[in-house]
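Just so it is clear, none of the values below were taken in a lab; they were calculated from the coordinates. As the structure is a prediction and not an experimental result, all values here were calculated from the model. As a convention, Cβ positions derive from the backbone with ideal geometry for all residues, glycine included, and neighbour counts pool all protein chains shown.
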Amino acid sequence: MSFSATEPTRGTKWFAGIAVVLYAIITLIPLLWIVATGFKSPADSISYPPVVVFEPSLEGYVNLFTARTRATEDMLEAAGPAVTWYDKITRNRGTIISGPSRYGERFMNSIIIGFGSTLLCMILGTAAAYAFSRFKVPLKDDLLFFILSTRMMPPIAVAIPIFLMFRNLGLNDTHLGMILLYTAVNLSLSVWLLKGFIDEIPIEYEEAALIDGYTRFQAFYKVVLPQAATGIASTAIFCLIFAWNEYAFAVLLTSGTAQTAPPFIPTIIGTSGKDWPAVAAGATIFLVPVMVFTILLRKHLLRGITFGAVRK
Amino acid sequence: MAEVTLTNVCKSFGDDVALDDVSMTVPDGSFVVLLGPTGAGKTTTLRMVSGLDTPDMGKITIGGRDMAGMTPAQRDVAMVFQQYSLYPHLTVRQNLEFPLKSPILRTPQPEIDRKVKEVAEVLQISHKLDNKSTALSGGEMQRVSIGRALVRQPSVYLMDEPLSSLDAKLRSDLRIELKGIQANSGATLLYVTHDQIEAMTMATHVGVLDNGKLVQFGSPRELYENPVSVYAASRLGQPRINMLPADIFGGAPAAATHIGLRPEQILQGNGEDSTVHRIEHLGDQTRLHLSFKSHDLITVTDAHTDLKVGDIVKIRPHEALYFGANGARVA
């Protein structure tokens, strides 16, 4: 009996399967714990030993999205009986909703800055990568190395110069400032990744389009871009994840108007005691956009759609 | 359709001289085949005409217009590439429509549909029109690729070994098809190949390239019967021309160092003795491998020959070609 080199044996398949499942469980447990904590009551969230089976509650989510004050008799009377389900939850704790929290705003800031910088990074990165891949650029190798070298130090090492620069340019605590900063940090990665993807697209396709009566830009737009979709999608995911999760610069450079969710979430702890369910709820919601974005783009992540039309 | 001229065209890539002072006229409505081995400059010539590369020196005209500074789109040429033929993200139909939808042509949709249908029928790909172009076999891809050129009526069609990846039957079908299309439409075609049968069957003119130089240009018949050099002589003819020392039969011109003998230039039946050392029956003809004065010769004989290995065949030359020491023809 013989086995081909590419076909794994039954035992190998089982072993690989078990390893993958174990790995998935190990990485998913903290995540599941966060999601679960978001639905616990404050008491359950800090009980020891930790409770695994608990009565789900939306208190964490209500606390995340609202600002509350301790209610006096007069205030309760003025407000009348609790009507909505979230009013009821807060009344049970002897508090009354005084308005929305800032989480919604911070979350929107994250969306604007994260997706804004990713979009800008893709536009600039694709253009630069195309030029580096196709044209004779003077000092091409040196320029590419220079672009890469901006990633060789941790970005936070230049935090103070950037802080001073932003203050003088009036970019402190602005959406534009954060978009520009994250774009600058991500651009080196995106130029290098995208250049690799564009290099793999045979130049013959563009040449065919040029002869078919299209201009260089039209050839780029109609022929190169659709084929680079895979690369653009995966690069965009990398850029978004970085900009979305970035904490240090967000703490340093934003406070009021342009603060993103990462520096905001820990501040929940300070406002009304150690409200772990609200923190966990904030973290859970924070995970959703990147997850949705990745799932939407996942079909582009499957390599091979551009390969095969090549005569070997 | 238009006449294409190249005048003193030179092109180098770094230290490599790809084209060395090439001048050539592709007459309006002709089918010109460029022959030569890999690296002879055939593809470079096509790219110069197409505008994908520009000559270092010299001039190219299409239909009397100087092409200097013109983009490929402005030149109104169609090209079939040897490789990477189809846009992989489009269907077969979209591939065929692509040139017609260009900003230069802006063909109305009914016209596009009509042309695509017509070309698809000629190339027998009608049933594949809505397939993804990646879901085709190599032969089908290449037919679509030819179709993408044929949907247009450009000044000149440029084809870079378009049939080289096809199987023998399809290749001979498409050879006839292409020749028919060209003859009926009066299209000008500049065609690169290293397949001499394609050159002989389709070309009105053949250009032989050797290391970037155009060594001979003329009708296939002229090239076959009257080659200027050993190199040009060995481009055409199957089995290949036999090269032997000039004085092997006697009577050679003084300057000749080699005698070139095509099969029909070797008369069998009288003359000097040679020994049969292999026989290949090809059906319509039989190839004889002969040993003659310690040289090997290949010639053809009757399909139903009774000759066997070891038999003696008497041979003598007839209207042979003579070449000098540098390979040039002397008589």
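Descriptive notes on the structure:
- Max mean-square fluctuation residue, GNM over chain A, Cα-Cα springs under 10 Å, options A:T118, A:T284, A:T260: A:T284
- Most mobile of A:L124, A:L210, A:L180 in a GNM of chain A (Cα contacts under 10 Å): A:L210
- Ellipsoid equivalent to the stretch A:65-118 - semi-axes via the Cα gyration tensor, in Å: 33, 10, 8
- Alpha carbon Rg of the stretch B:4-235, scaled by the compact-globule rule 2.2 N^0.38 Å: 1.01
- Placing +1 on each Lys and Arg Cβ and -1 on each Asp and Glu Cβ, with no other charges, gives chain A a dipole about its Cα centre of roughly 540 debye.
- When every Cα-Cα distance of the stretch B:1-59 is counted in 10 angstrom steps from zero, the calculated P(r) takes the values 22, 57, 19, 2 percent.
- Over chain A, DSSP H runs of length four or greater, each weighted -39,500 (n - 2.57), average out per residue to a 222 nm ellipticity of -21500 deg cm²/dmol.
- Nearby aspartates and glutamates by direct alpha-carbon distance to B:K308 (threshold 13 angstrom, same-chain neighbours under 8 apart not counted): B:E280
- Kirkwood Rh and Cα Rg combined as Rg over Rh, evaluated for the stretch A:98-168: 1.15
- All Cα pairs of the stretch B:242-323, percent lying beyond 14 Å: 61
- Secondary structure note: in the protein assembly as shown, about 75% of the DSSP beta bridges are antiparallel.
- Highest GNM mean-square fluctuation among B:Q142, B:Q94, B:Q124, for chain B modelled with Cα contacts below 10 Å: B:Q124.
- Ranked B:Y322, B:Y87, B:Y157, criterion: other C-beta atoms within 10 Å, fewest first: B:Y322, B:Y87, B:Y157
- Under Karplus coefficients 6.51, -1.76 and 1.60, residue-wise ³J(HN,Hα) of the stretch B:272-282 in Hz, glycine/proline x: 9, 6, 9, 10, 6, 10, 7, 10, 10, 8, 9
- Sum of side-chain charges, B:K293 neighbourhood, beta-carbon under 10 Å (Lys, Arg +1; Asp, Glu -1): -2
- Cβ-to-Cβ counts within 10 Å put B:R171, A:R70, B:R152 in ascending order as A:R70, B:R171, B:R152, the fewest first.
- Size descriptor, Kirkwood hydrodynamic radius, that averages inverse alpha-carbon separations across chain A, Å: 23.6
- Relative contact order (%) - the stretch B:1-153, alpha-carbon pairs under 8 angstrom, separation at least six: 21
- 5 Å-binned pair-distance histogram of the stretch B:20-155 (Cα, whole percent): 2, 9, 18, 19, 18, 16, 11, 6, 2, 0
- Radius 12 Å from Cβ of B:G212, net charge of other residues (Lys, Arg +1; Asp, Glu -1): -2
- Euclidean distance between Cα centres, the stretch A:211-258 to the stretch B:1-76, Å: 40
- Arranged from fewest to most other beta-carbon atoms within 10 Å of their beta carbon, B:V116, A:V35 become A:V35, B:V116.
- Charge tally around A:T257: other residues with Cβ under 13 Å, Lys/Arg +1 each, Asp/Glu -1 each, net 0.
- Gyration tensor (alpha-carbon) shape descriptor, the stretch A:100-240, a/c threshold 1.5: prolate
- Relative contact order computed over chain A (Cα-Cα under 8 Å; 6+ residues apart), in percent: 26
- Listed by chain and number, the lysines whose C-alpha is less than 28 Å from the C-alpha of B:K128, apart from same-chain residues fewer than 8 away, are A:K222, A:K299, A:K312, B:K101, B:K115, B:K117, B:K169, B:K179.
- Derived scalar couplings ³J(HN,Hα) [the stretch B:237-250; Karplus, 6.51 cos²θ - 1.76 cosθ + 1.60; whole Hz; x for Gly, Pro]: x, 9, x, 4, 4, 8, 10, 10, x, 4, 8, 5, 9, x
- Relative to one another, the C-alpha centroids of the stretch A:85-149 and the stretch B:87-109 are positioned 37 Å apart.
- Using just its DSSP H runs of length 4 or more, each adding -39500 (n - 2.57), chain B gives a mean residue ellipticity at 222 nm of -7000 deg cm²/dmol after division by all residues.
- log10 of Debye I(q)/I(0), alpha-carbon scatterers only, for the protein assembly as shown at 0.09, 0.12 Å⁻¹: -0.94, -1.24
- Whichever lysines have a C-alpha closer than 18 Å to that of B:K293, once near sequence neighbours (fewer than 8 apart) are set aside: B:K314
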